[in-house]
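Just below is one structure, and these are the notes that go with it.
The values are calculated or read from the model by the stated rules, or taken from the named source; none is laboratory data. Being a predicted model, the structure only gives us computed values, none of them experimental. Please note: Cβ atoms are built from the backbone with ideal geometry, for glycine as well, and neighbour counts cover all protein chains shown. All accessible areas refer to the heavy atoms of the entire protein, side chains included, with ligands and DNA or RNA removed. Shrake-Rupley method; radii C 1.70, N 1.55, O 1.52, S 1.80 Å.
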Amino acid sequence: MSFDDPIERRGTHSAKWDMMEKVYGVSPTDGIPMWVADMDFRPPDCVRRAVADMADHGVFGYYGDDASYRDAITWWMGERHGWTVDPAHILTTHGLVNGTGICVQSFTAPGDAVVLMTPVYHAFARVIEAAGRSVTECDMTLTDGRYTFDTDQWEATLTGRETMFVLCSPHNPGGRVWTAEELEAIAEFCRKHDLILISDEIHHDLVFPGRTHIPMATLPGIEDRLVTMTATTKTFNIAGSHTGNLIVADEALRAKLSGTLAGLGLSPNSFGLHMAEAAYSPEGAAWVDELIAYLDGNRKIFDAAIADIPGLASMPLEATYLAWVDFGGAGMSAEEAASRVEGQARIAANHGPTFGSGGGSFLRFNFATRRALVEEAAERLKSAFSDLQ
């Protein structure tokens with residue numbers, strides 16, 4: 001696999017490329033899209049062969065007998081994460097934003113509140129509020145340039161209406177890989193306040209050298225309130241397949257989720273299941289190892305460029321391909337910083353305030369693209385902020 005291959009995505013109904021002018025005013029003709037969290041890489045050949053085999057067969061009927069799909073998931077979680085998963089504990093959703101919505105519908109009622117550690121992935125709040133629930137923001141703290149938290153400080157934030165907690169692990173947008181001690185603190189907070197814990201672990205394969213993701217499900221004493229969300233889509237750049245998993249050991253929780261899925265008439269996308277099964281394989285694992293090495297190189301290039309601009313700080317990433325850059329020290333408003341990035345550097349990046357409390361001075365940049373574009377983006381940013389140097 002050559003991650004440096006240029007792949008034309010303009011005019012292909014790519015949200016990342018074909019929508020950035022409408023959203024940010026950055027033309028795809030000369031702009032660099034660093035907002036939507038998908039990659040500009042083709043998935044491994046094993047995934048592409050699975051799709052080609054389906055096309056060659058030519059009959060696209062309902063999917064049945066998913067034992068091999070479940071076995072692929074259990075193999076992957078055991079092999080890559082040291083997590084033993086019972087195949088019977090796996091439910092399939094239409095991606096993990098949908099999975100979040102299924103959990104909200106299953107475990108909360110209108111008027112309830114859901115706890116988020118902010119700033120955090122913006123789709124969580126969007127789904128929660130669209131369902132008639134509210135968000136309780138439990139702020140994290142910037143400590144030596146990275147996020148930490150103190151659950152004791154969260155106590156004053158609670159309203160008494162909270163019934164669920166959504167954890168992002170690894171964290172998006174801050175790139176933290178939570179330690180066992182941090183995960184246990186979150187688990188204890190949920191036990192104390194009787195909260196269902198939804199652990200979104202979609203970035204768990206995208207962890208940089210020196211860090212190890214710990215599945216929340218491997219902690220003792222949390223099984224009775226835990227739903228773990230996983231997917232192949234982020235790891236293998238197949239987000240369009242809209243396929244995700246809810247892995248639930250507790251029978252009562254699983255029954256509630258199954259009832260919601262049945263009531264909505266949801267069933268899996270056959271293309272997504274074939275692609276996921278092919279991805280969770282030794283060939284897919286080898287591709288992921290190459291991907292991580294490449295992303296690590298991109299991360300270092302991008303961070304070095306940000307470090308050269310006085311007043312800007314890129315949070316040290318432990319996971320994900322999403323740089324979280326603080327413009328707060330540049331002596332300008334968040335609006336001015338975004339205007340320079342979009343108008344002068346011609347880069348589309350996510351605005352920090354959409355991630356909730358604490359995101360106001362930040363922009364999020366996706367560097368999962370070919371290295372030449374990352375290098376070009378780095379030079380454009382240095383030029384756009386050259387007056388600070």
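Tabulated data for the structure shown
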read-out	value
Residue check, Gly360 assigned to a helix (DSSP H, G or I) and free of Cβ contacts under 8 Å to residues at least 40 places away in the same chain	no
Close pairs (7 angstrom Cβ cut-off, 6 or more residues apart or separate chains): within 18 Å of Trp35 (Cα to Cα) and acidic (Asp, Glu) in segment 330-344, open to solvent by 20 Å² or more (accessible area, probe 1.4 Å) and outside any helix (DSSP H, G or I) anywhere	Glu342/Gly25
Criterion (open to solvent by 30 Å² or more (accessible area, probe 1.4 Å) and either under 24 Å from Arg370 (Cα atoms) or among the small types (Gly, Ala, Ser) (or both)) met by exactly one of Ala231, Ala278, Ala249	Ala249
Qualifying residue in segment 349-358 (condition: under 29 Å from Glu137 (Cβ atoms) and hydrophobic (A, V, I, L, M, F, W, C))	yes
Residues of segment 16-25 classified as at negative phi and either open to solvent by 50 Å² or more (accessible area, probe 1.4 Å) or among the charged types (D, E, K, R) (or both), total	6
Val59 without any contact (Cβ under 8 Å) to a residue 40 or more places away in the chain and among the hydrophobic types (A, V, I, L, M, F, W, C)	yes
Selection count where residues are within 28 Å of Val127 (Cβ to Cβ) and either open to solvent by less than 50 Å² (accessible area, probe 1.4 Å) or touching a Gly at 6+ places or on another chain (Cβ under 7 Å) (or both), scope segment 338-357	12
Subset tally (residues that are under 23 Å from the mean Cα position of the chain (by Cα) and of a type in the set (Gly, Ala, Ser)) for segment 303-345	5
Looking only at segment 140-152, and only at residues there that are open to solvent by less than 70 Å² (accessible area, probe 1.4 Å) and assigned to a loop (DSSP other than H, G, I, E, B), the one that is nearest to Gly329 (Cα to Cα)	Gly145
Top-ranked residue of segment 184-199 - restricted to ones that are closer than 30 Å to Arg299 by Cα and touching a helix residue (DSSP H, G or I) at 6+ places or on another chain (Cβ under 6 Å), ranked as surrounded by the most Cβ atoms within 10 Å (Cβ to Cβ)	Ile198
Segment 105-139: number of residues that are in contact (Cβ under 8 Å) with a residue 40 or more places away in the chain and part of a strand (DSSP E or B)	9
Odd one out for Thr260 among (1) over 17 Å from Glu79 (Cα atoms); (2) under 16 Å from the mean Cα position of the chain (by Cα); (3) in contact (Cβ under 8 Å) with a residue 60 or more places away in the chain	(2)
Test result for Ala217, over 25 Å from Glu79 (Cα atoms), open to solvent by 30 Å² or more (accessible area, probe 1.4 Å) and not in a loop (DSSP other than H, G, I, E, B)	no
Residue selected from segment 26-62 under the condition more than 30 Å from Ala338 (Cβ to Cβ) and part of a loop (DSSP other than H, G, I, E, B), by the criterion most open to solvent (accessible area, probe 1.4 Å)	Tyr62
Scan of segment 153-182 for residues that are part of a helix (DSSP H, G or I) and either closer than 23 Å to Gly101 by Cα or of a type outside the set (A, V, I, L, M, F, W, C) (or both), ordered by number	Gln153, Glu155, Thr157, Glu181, Glu182
Of all residues making up segment 257-281, the number that are in a helix (DSSP H, G or I) and under 23 Å from Thr218 (Cβ atoms)	3
From Ile202, Ile238, residue being out of contact with any strand residue (DSSP E or B) (no Cβ under 9 Å at 6 or more places or on another chain) and either open to solvent by less than 20 Å² (accessible area, probe 1.4 Å) or within 30 Å of Ala276 (Cβ to Cβ) (or both)	Ile238
Any hit, segment 61-68, residues being under 30 Å from Arg364 (Cβ atoms) and either in contact with a Lys or Arg (Cβ under 9 Å, 6 or more places away or on another chain) or among the small types (Gly, Ala, Ser) (or both)	no
Residue among Glu155, Glu137 that alone is touching a strand residue (DSSP E or B) at 6+ places or on another chain (Cβ under 8 Å) and surrounded by fewer than 21 Cβ atoms within 10 Å (Cβ to Cβ)	Glu137
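Rundown of residues vs (1) out of contact with any helix residue (DSSP H, G or I) (no Cβ under 7 Å at 6 or more places or on another chain); (2) over 29 Å from Ile7 (Cα atoms), yes/no style:
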{"position": "Val26", "(1), (2)": "no, no"}
{"position": "Val47", "(1), (2)": "no, no"}
{"position": "Val51", "(1), (2)": "no, no"}
{"position": "Ala55", "(1), (2)": "yes, no"}
{"position": "Tyr63", "(1), (2)": "no, yes"}
{"position": "Asp71", "(1), (2)": "no, yes"}
{"position": "Gly78", "(1), (2)": "yes, yes"}
